[in-house]
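Student: Have a look at the structure that comes next, please.
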Amino acid sequence: MIMKARIKNIAERAAGHRFWIERATPRDRVLRLIRSLRPISTVAPLIRLGPKGDGGYLVPDDLDGISACVSPGVSTEVGFDNAMADRGIDVYMADASVDGPPVNNSKFHFIKKYLGVVDDEVNIRLDQIGSLISDDDLILQMDIEGAEWRVLLDTSSQMLNRFRIMIIEFHDLKQMFSHFSFDLMEATFHKILQTHSVVHLHPNNILKPYLFNGVLIPSIMEVTFYRNDREFLREVQPIYPNSLDCDNVQTKPSIELSEIWR
C-alpha cells in the first residue's frame, strides 16, 4: 500500500511538472514583444551585402568608419564576410566545428572556438573577442544555430554598444509560446533594444512559420539592428518586403510577415 501511494505521488508530481513546462505564454505578452520589434526607417538606405540568397543580408549603407566585423559561425558561404573584406574591414570568425573559412583572405582572422558564455579551451565569449579589437565601431553578423540567446544575455552592454550594426539570425522563435522560453527571448530583445533599434526583418524560409493562438511566427528570423545614435526616419514606414530581399531557399515557398510584425 505504501509503495502504491509513493508511485501515485510521483506520477502526480510528474504530471504537474509536465503542465508547468507546457504552459503557454499569454497572447498579449507575445504581441507586445513582437510590436517592439517592428522595423523603423533609416536615413542611410538599406543595401544588400553578400549573395542573393542564404548568407546575404540587408544593412544600412553606413559602413564608413567601421574597422572590424565579428562573424561567429563559419559555413561554406562567406559572401558577407568577403564583402566586408573588400571594404577593408577585418573579419573575426569563431567556430570550433571547422578548421577555418572555406577561402583564404588576408582580412580573415579565425578563432577555432565556439562562441559561448565561458572562456576555455573550446569556447570564447563575445566580450573576449572584443578585447582583441582596439576600435569601437564594429559590425556583428551572427548565425550560431540557437546559441545566440545565451550569448547575447551573457555579453556586456558595453560590448553590444560597440556594434554600430548587428545582423543576428534568431532560431526557434516558435518557442515564444512556451512560457519559459518566452522569458529568455523577451529578456534578450529587451537588452538589445536598450542600445539598438530594429531596421529590417527577414524570415528564413527554410522552415515553415508556426501558427498558435492566432499569431503567425517564423521559425527563424534574420534581424538587422542599428545603434540608436545613428539617424532614423521614425515617421516613415519601411517598405515590406524590401526589393533587395531574397528567399534563403529558392525551392521553398516564400514567407510573408503578417501585419503584426510590420
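The values are calculated or read from the model by the stated rules, or taken from the named source; none is laboratory data. Quick caveat, the model's predicted, so the values are computed rather than measured. Positions of Cβ are generated from backbone atoms using ideal geometry, with glycine treated the same way; all protein chains shown enter the neighbour counts. Surface areas here come from the heavy atoms of the whole protein model, side chains and all, with no ligands, DNA or RNA. Shrake-Rupley method; radii C 1.70, N 1.55, O 1.52, S 1.80 Å.
Student: Can you find a residue in segment 112-130 that is buried (at least 20 other Cβ atoms within 10 Å of the Cβ), within 21 Å of the chain's Cα centre (by Cα), polar (S, T, N, Q) and closer than 26 Å to Ile220 by Cα?
Tutor: No, segment 112-130 contains no residue that is buried (at least 20 other Cβ atoms within 10 Å of the Cβ), within 21 Å of the chain's Cα centre (by Cα), polar (S, T, N, Q) and closer than 26 Å to Ile220 by Cα.
Student: Further question on the same structure: Do the conditions hold for Asp28, that is, is it touching a strand residue (DSSP E or B) at 6+ places or on another chain (Cβ under 9 Å), in a helix (DSSP H, G or I) and of a type in the set (Asp, Glu)? Spell out the reasoning first.
Tutor: Details: touching a strand residue (DSSP E or B) at 6+ places or on another chain (Cβ under 9 Å): no; in a helix (DSSP H, G or I): yes; of a type in the set (Asp, Glu): yes.
No, not satisfied.
Student: Quick check on my filter: what residues within segment 89-111 are open to solvent by 40 Å² or more (accessible area, probe 1.4 Å) and of a type in the set (Gly, Ala, Ser)?
Tutor: Residues satisfying the conditions are Ser97, Ser106.
For (1) under 24 Å from Gln194 (Cα atoms); (2) in a loop (DSSP other than H, G, I, E, B); (3) in contact (Cβ under 8 Å) with a residue 60 or more places away in the chain, each residue gets a yes or a no:
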| site | (1), (2), (3) |
| --- | --- |
| Leu207 | no, yes, no |
| Gln237 | yes, yes, yes |
| Pro241 | no, yes, no |
| Asp247 | no, yes, yes |
| Ile255 | no, yes, no |
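Student: Give me the residue from segment 160-180 that is at pLDDT below 95 and either of a type in the set (S, T, N, Q) or under 23 Å from Arg125 (Cα atoms) (or both) and, out of that set, farthest from the chain's Cα centre (by Cα).
Tutor: Ser178
So that you can scan it fast, the table gives a plain yes or no per residue for (1) buried (at least 19 other Cβ atoms within 10 Å of the Cβ); (2) among the β-branched types (Val, Ile, Thr):
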{"site": "Asp137", "(1), (2)": "no, no"}
{"site": "Leu140", "(1), (2)": "yes, no"}
{"site": "Glu145", "(1), (2)": "no, no"}
{"site": "Leu153", "(1), (2)": "no, no"}
{"site": "Met159", "(1), (2)": "yes, no"}
{"site": "Asp172", "(1), (2)": "no, no"}
{"site": "Ser178", "(1), (2)": "no, no"}
{"site": "Thr195", "(1), (2)": "no, yes"}
{"site": "Leu201", "(1), (2)": "yes, no"}
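Student: Of the residues that make up segment 209-228, is at least one surrounded by fewer than 16 Cβ atoms within 10 Å (Cβ to Cβ), under 26 Å from Thr42 (Cα atoms) and over 20 Å from the mean Cα position of the chain (by Cα)?
Tutor: no
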